[in-house]
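Contents: one structure, followed by commentary.
The values are calculated or read from the model by the stated rules, or taken from the named source; none is laboratory data. Bear in mind the structure is a predicted one, so any value in this text is a computation, not a measurement. Heads up, the Cβs are rebuilt from the backbone with ideal geometry, glycines too, and the neighbour counts pull from every protein chain shown.
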């Protein structure tokens, strides 16, 4: 049976020689939720590919000390895909982040478009991003990945598009008729190259935004004939890349 995994800051795990101290939510989860005690073995992750086998030494109310047994580096099995997605309401955005991490997305960029709902006030932006990052961290443990998905700040669409200019292959999901399916367009785009995929809000991108997106080199593609919710379309596209790239092999 796989051992439970706990996240530790990269600098702490990288510099540790004999033991590591867990605190905060990770210590609470170990001692209060899983009720692991001295002698139990666990795995520690740093989110950058390092994994360490460890044994619980002491388990207190807010602090857990574990003894390191060995360390190794995991291969990076994330997709070379950066997801740019219009910010969605509450649980829908959180669900999207969780599933995108499970599928191995390299990074997630929440975007504010004209029709995006909600539009958080500046005071709540950092809190929202922090919440999404915590969901991402927990999803990494659940899917047993080794490299964390980067959660980027919430940015206006035009600013996010400038960041995506560094990505050689760029797609935007659209619902319009006569738009080619992603499955037929991707083979012509260059296998093995990093990909940026943009998903608009429920109301879709405005005409001016579509012009801007196309002008930045994003190819319009569809996920088929059915109208999908934004989070469904995003996950469908990521699942397509996951299956296609896994089938193609290294």
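Listed conditions (1) under 21 Å from residue 116 (Cα atoms); (2) touching a residue at least 40 places away in the same chain (Cβ under 8 Å) are all met by residue 248, apart from (1). Considering 81, 64, 56, the condition of being assigned to a strand (DSSP E or B), touching a helix residue (DSSP H, G or I) at 6+ places or on another chain (Cβ under 7 Å) and more than 28 Å from residue 243 (Cβ to Cβ) is satisfied by 64 alone. For the range 228-250, the condition of being assigned to a loop (DSSP other than H, G, I, E, B) and within 21 Å of residue 90 (Cα to Cα) holds for at least one residue. When residues in the range 28-40 are screened for being surrounded by fewer than 14 Cβ atoms within 10 Å (Cβ to Cβ) and either assigned to a strand (DSSP E or B) or in contact with a strand residue (DSSP E or B) (Cβ under 6 Å, 6 or more places away or on another chain) (or both), 2 of them pass. Selection of the range 165-205 for residues being part of a loop (DSSP other than H, G, I, E, B), in contact (Cβ under 8 Å) with a residue 60 or more places away in the chain and in contact with a helix residue (DSSP H, G or I) (Cβ under 8 Å, 6 or more places away or on another chain) yields 200, 201, 202, 205.
Yes/no per residue for (1) modelled with pLDDT of 90 or more; (2) within 26 Å of the chain's Cα centre (by Cα):
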position: 7; (1), (2): yes, yes
position: 12; (1), (2): no, yes
position: 32; (1), (2): no, no
position: 40; (1), (2): yes, no
position: 45; (1), (2): yes, yes
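Summed over the range 210-219, residues that are more than 20 Å from residue 166 (Cβ to Cβ) and surrounded by 20 or more Cβ atoms within 10 Å (Cβ to Cβ) total 0. With respect to residue 189, determine if the residue is in contact with a strand residue (DSSP E or B) (Cβ under 8 Å, 6 or more places away or on another chain), assigned by TED's automatic domain parsing to the domain that holds residue 168 and either surrounded by fewer than 19 Cβ atoms within 10 Å (Cβ to Cβ) or farther than 18 Å from residue 97 by Cβ (or both). Spelling it out, residue 189 is indeed in contact with a strand residue (DSSP E or B) (Cβ under 8 Å, 6 or more places away or on another chain), assigned by TED's automatic domain parsing to the domain that holds residue 168 and either surrounded by fewer than 19 Cβ atoms within 10 Å (Cβ to Cβ) or farther than 18 Å from residue 97 by Cβ (or both).
If you go through the range 108-123 one residue at a time, do you hit one that is buried (at least 19 other Cβ atoms within 10 Å of the Cβ) and outside the structural domain of residue 207 (by TED's automatic domain parsing)? No: the range 108-123 contains no residue that is buried (at least 19 other Cβ atoms within 10 Å of the Cβ) and outside the structural domain of residue 207 (by TED's automatic domain parsing). Of the listed requirements (1) in a loop (DSSP other than H, G, I, E, B); (2) in contact with a strand residue (DSSP E or B) (Cβ under 9 Å, 6 or more places away or on another chain); (3) surrounded by fewer than 15 Cβ atoms within 10 Å (Cβ to Cβ), residue 88 misses just one: (3). Residues that are under 16 Å from residue 205 (Cβ atoms) and part of a strand (DSSP E or B) occur in the range 144-157; there is at least one.
How many of the residues in the range 221-239 are surrounded by fewer than 18 Cβ atoms within 10 Å (Cβ to Cβ) and at pLDDT 95 or above? So that I can check it myself, show each step before the final result.
Initial filter on the range 221-239 (surrounded by fewer than 18 Cβ atoms within 10 Å (Cβ to Cβ)): 224-229, 232, 236, 239.
Among the residues that remain, those that are also at pLDDT 95 or above are: 232, 236, 239.
Residues flagged as surrounded by fewer than 18 Cβ atoms within 10 Å (Cβ to Cβ) and at pLDDT 95 or above within the range 221-239 amount to 3.
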